[in-house]
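Note sheet for the following structure.
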Amino acid sequence: MKSLFIKPDADAILARVGTLTEDSQRQWGSLNVCQMLVHCRKGLKMALGEIRIRRTWIGLLLGRKYISLATNDIPFRQGSPSAKGSIELITEDFDIEKERLIHYIHKFCDGSKEGCTDNPHFFFGKLSPTQWGALMHKHLDHHLKQFGV
């Protein structure tokens, strides 16, 4: 299982983020590249406990059953749903948003497993640091593929 807590995995994600440009075009979905950068940063902020996204009722009912699907190496499907509040329509300059995401990837990795929140994920509920590391890698990988990198 890949994880942002595994240095080669994190380095590969950072290299892919580095190849994004403001002209990068999505392969599916509705986010533009800047919105995707903000969305991914919000995921990391959630994993670090800096923001909380309210639990969904469907997550309360089913989330625990799907944790293994979220943290394995099988990619998320295109069009997977996002939490309310995790998408920003108005963003700053591309270069600023890209640097912010890179900063948060480093912050997450450098904080190691001790830096992960005890707050529940909006869908899956309580996650271990190992699960947070795998989920954050998989989430970033999904959105980088969305933009062809």
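Some observations on this one:
- Stretchable slack from ARG54 to ILE6, in nm (0.36 nm times residue separation minus alpha-carbon distance): 14.4 nm
- The range 119-135 residues near the modelled LYS65 label - backbone nitrogen below 17 Å, point 7 Å along Cα→Cβ: 123-126
- In the chain, the DSSP-assigned H stretches of four residues or longer account for a calculated mean residue ellipticity at 222 nm of -15500 deg cm²/dmol, using -39500 (n - 2.57) per stretch and the full residue count as denominator.
- Altogether, the Stokes-Einstein calculation at 4 °C and 1.567 mPa s, with the Kirkwood radius of the range 1-91 over Cα pairs as Rh, returns a diffusion coefficient of 86 µm²/s.
- Highest to lowest packing among 10-19, 70-79, 37-46, 118-127, scored as the average C-beta count within 10 Å: 37-46, 118-127, 10-19, 70-79
- Sequence-distant contacts, meaning Cα pairs under 8 Å at least 6 residues apart, place the relative contact order of the chain at 47 percent.
A short reminder: the numbers here are calculations on the coordinates, not readings from a lab. Just so we're clear, the structure is a prediction, and the values are computed from it rather than from any experiment. Methodologically, a virtual Cβ is constructed for each residue, glycine included, from the backbone with ideal geometry; neighbour enumeration extends over all protein chains shown.
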